[in-house]
1. Within the range 145-162, how many residues turn out to be closer than 22 Å to residue 264 by Cβ and more than 19 Å from the chain's Cα centre (by Cα)?
2. Inside the range 173-206, can you point out the residues that are under 22 Å from residue 275 (Cβ atoms) and touching a helix residue (DSSP H, G or I) at 6+ places or on another chain (Cβ under 8 Å)?
3. Say we look at the range 425-436 and pick out the residues that are in a loop (DSSP other than H, G, I, E, B) and either in the same structural domain as residue 494 (by the TED database) or out of contact with any helix residue (DSSP H, G or I) (no Cβ under 6 Å at 6 or more places or on another chain) (or both); which of these is farthest from residue 532 (Cα to Cα)?
4. Is there any pair linking a residue in the range 31-49 that is within 20 Å of residue 324 (Cβ to Cβ) and not assigned by the TED database to the domain that holds residue 215 to one that is modelled with pLDDT under 75 and in a helix (DSSP H, G or I), with Cβ under 9 Å and at least six apart or on different chains, and which?
5. In the list 374, 352, which residue meets the criterion of being surrounded by fewer than 21 Cβ atoms within 10 Å (Cβ to Cβ) and in contact (Cβ under 8 Å) with a residue 60 or more places away in the chain?
6. Does residue 597 count as touching a helix residue (DSSP H, G or I) at 6+ places or on another chain (Cβ under 9 Å), part of a strand (DSSP E or B) and more than 16 Å from residue 514 (Cα to Cα)?
7. Considering the range 358-391 alone, what residues qualify as being modelled with pLDDT of 95 or more and over 19 Å from the mean Cα position of the chain (by Cα)?
8. Quick check on my filter: what residues within the range 600-634 are assigned to a strand (DSSP E or B) and within 46 Å of the chain's Cα centre (by Cα)?
């Protein structure tokens, strides 16, 4: 029996203030029958219709929370003053008072998870630094887009100028502990048309980009889910939760109107960050890291719990997928992407999207809070589950939400839709965590990891990159540790680098373009065949080829030799040689004349390189039965 079925059965034990006709359930039972990408429009803010776990897409998506918590009533509370809408069979309300442990509160179903959820907030808020408190205040009171825009790093100021973005929350006022300050800025910026409500003129620079970000949030409200789950904020669950003092004025005095699950700030941050990552894929991972950080700040503020934040991330992601796949948004997302790229390229003084990738990361580490890729990866991964206790099997197969591949359209433009889905599938986190094992797979998506390419080749993969298209089609690097039994075939004129600790077993074939080995195990445990293009060895240690190595006459190998065997080949099988060999010496690596370097070692060597060049030196090659040696002559 499903979670929702069990919950409907259990409601016989829960007191209802309103008796709702069963016909309402039958007529509106839609969200459970189709994927979110088709039912996202059922998540309506202020909807006074009878909404249940099976009729509201957001509630259904987050229904795994029912394994932790049973709300007071099994419907979206319409509120006393909400008017009945046309075609609604009933308007429901509840007697929930918003106070944990009261006689009208819901019931904790999994105490272990619930206690861990609140304990995380207690520990985090008690250990909170002054710097974290400041950041949490800004992320609470400032417009969410105005907060996360710094995820663009060196491109931030250009984005602000083009978007016409404003905010009035830039510091903590001296009286912030007693006065609630609201942001009077325009948050996302100005769209392509005049907005009299927000007093903004039409924006010819990046108006379409702002229109796109607005469109990506359509039907994304967390209000229906909050009014369904009726779950208190952490500071109401425990007096040991320390709310940031400057945010005390922002605490609601009406608990019944102030549910904690899911986090609205987090959902909005993820909606905007994903939309901006789509428009500026050069900062895709950094925008993911910034959305993740804002969710963490909701916990550090004392305003939300890990489960609240996890739910906000799931709903925000599903909302963007729903809106990216709308036929009516196709032209907008195309034109908005072109406009954002053109503006940022012009303001950065670079020639194209590929150069913008360099410009997007050229600031020194101290000037870009998200410059450390490995730290970002670790932070995002930890915050996907917050290490909450597992409640399901940890070996369930991955599931990819329908339409989710659209999230990677601009970040992995050289892959087709099915390949992007495979990237999402092979980079998901493991199953078992509370809330995250939803039927479609939103909870387990790791979009940061997905931007680093495949996590496994479970079947043969052919990648065709057209350098003429520029951007990531011209050059990209996959940094994940790639496993699986499949084979990689690189085609097209672009450059693809692999830098993970890879273990895929099917072998690697280079047909065209450039393939760069950025680690000693870049090409897994299989063989390596160079049928065309150029193989570049850029690893700090010898490249290990698990099987045979073959290079034909029209192909080239480019070795950057350095200390510790950098730029050399260690072939476990046999090596068949032909084509070109181009050698350079890494900076600081200065072997003296007469130095011999074994550049290739194999079980058996046949053939020879047809053309040999070395930059800045004189050298010669000698061939043995199991090796090729380079001698520095001068």
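1. 1
2. 183, 185, 187, 188, 189, 190, 191, 192, 193, 203, 205, 206
3. The selected residue is 432.
4. Sorted first by the residue in the range 31-49, then by its partner, the pairs are 39/31; 39/32; 42/28; 42/31; 43/31.
5. Within the list 374, 352, the selection yields 352.
6. Here the answer is yes, as residue 597 does meet what is asked.
7. Those that are modelled with pLDDT of 95 or more and over 19 Å from the mean Cα position of the chain (by Cα): 388, 389, 390, 391.
8. Of everything in the range 600-634, those that are assigned to a strand (DSSP E or B) and within 46 Å of the chain's Cα centre (by Cα) turn out to be 600, 601, 604, 605, 611, 612, 613, 614, 627, 628, 629, 630.
The values are calculated or read from the model by the stated rules, or taken from the named source; none is laboratory data. If you're wondering where the values come from, they're calculated on a predicted model, not measured in any experiment. All Cβ positions, even for glycine, are placed from backbone atoms using ideal geometry, and neighbour counts span all protein chains on display.
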